[in-house]
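Enquirer: Supplied in C-alpha cells, the structure appears directly below.
Only the coordinates and a few stated rules stand behind these numbers; no lab work does. These numbers come from a predicted model, not from an experiment. When we count neighbours, we look across all protein chains shown, and the Cβ atoms used for this are built from the backbone with ideal geometry, even at glycine.
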Amino acid sequence: MIARMPPDHPLWPTEFPEQLNAMRAEMEAYYRALPRLLEDGEGGRYAVVKGDTVYGAWDTYRDARQRGGELFGMEQFMVQVVDARFLIGYGKWFGLASEKANAGAA
C-alpha cells in the first residue's frame, strides 16, 4: 500500500492508483501548488485541499483536519503534509500530463 511508502520510494506506482480516483482533483491541486507552498516556507506543515483549491497550511495534522471540518463539514477533503518528496511521487502521475499540456499551449 502506498500510504506507508515514502513518495520518493522507487516502488511508488507509476500509474495513478484506481482506488484514489475519488481524491484525484485534490491530489492534482496539491501537486500544482506544492512548489509555491515550499517556496513560501510551508514545508512540514499540513495543507487543506478541496477540489482544485488549496485552502492554506497549518502546523499540525490535527489543526488542518479541524479547519477542513469547519470549512467542509462531512464533505470529502484532503490533508497532506507539505513535503518536496511528493514532487517526485505525484510527478509520476501528474507531471508528464502537465508538461505535455504546457508544450501544446506553447
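Enquirer: Can you check how the C-alpha radius of gyration of the chain compares to 2.2 N^0.38 Å, as a plain ratio? Don't skip to the answer; put the middle values down first.
Expert: Numbers: Rg = 13.9 Å, N = 106, 2.2 N^0.38 = 12.9 Å.
Taking the Cα Rg and dividing by 2.2 N^0.38 Å, one obtains 1.07.
Enquirer: Hey, what number do you get for the chain at 222 nm if only DSSP H runs of n ≥ 4 count, each worth -39500 (n - 2.57), divided across all residues, to the nearest 500?
Expert: Working: 4 runs with 43 residues, N = 106.
After summing the helix terms and dividing by residue count, I get -12000 deg cm²/dmol.
Enquirer: Also: Sort out the exposed loop GluC sites (Glu not before Pro) in the chain (DSSP loop, at most 16 other Cβ within 10 Å) and tell me the longest stretch that has none.
Expert: Maximal segment without exposed cleavage sites: 16-74.
Enquirer: Taking the Cα centre as origin and putting +1 on Lys and Arg beta-carbons and -1 on Asp and Glu beta-carbons, what dipole magnitude results for the range 19-94, to the nearest 20 debye?
Expert: 200
Enquirer: Here's another thing I want to ask about it. Long-range amide H contacts for residue 55: which residues qualify at under 5 Å (H placed 1.01 Å from N, peptide plane, sequence gap of 5 or more or a different chain)?
Expert: Under 5 Å from the amide H of residue 55: 48, 49, 50.
Enquirer: Ok, one more. Defining a contact as two alpha carbons under 8 Å apart and six or more residues distant in sequence, what relative contact order in percent does the range 19-94 show?
Expert: Relative contact order of the range 19-94: 37 percent.
Enquirer: Can you tell which of 76, 66, 19 shows the greatest fluctuation in a Gaussian network model of the chain with Cα springs below 10 Å?
Expert: Answer for the Gaussian network model of the chain: 19.
Enquirer: A follow-up question, please. For every other residue with a beta carbon closer than 14 angstrom to the beta carbon of residue 38, add +1 if it is Lys or Arg and -1 if Asp or Glu, then tell me the sum. Display every interim value, and only then the final one.
Expert: Numbers: positive: 32, 36, 45, 85; negative: 39, 40, 42, 83.
Within the 14 Å Cβ shell, the charges total 0.
Enquirer: So what's the angle, to the nearest 10 degrees on a 0 to 90 scale, between helix 61-72 and the longest Cα principal axis of the chain?
Expert: 90
Enquirer: Please order 27, 74 by the number of other Cβ within 10 Å, starting at the fewest.
Expert: The order, fewest Cβ neighbours first, is 74, 27.
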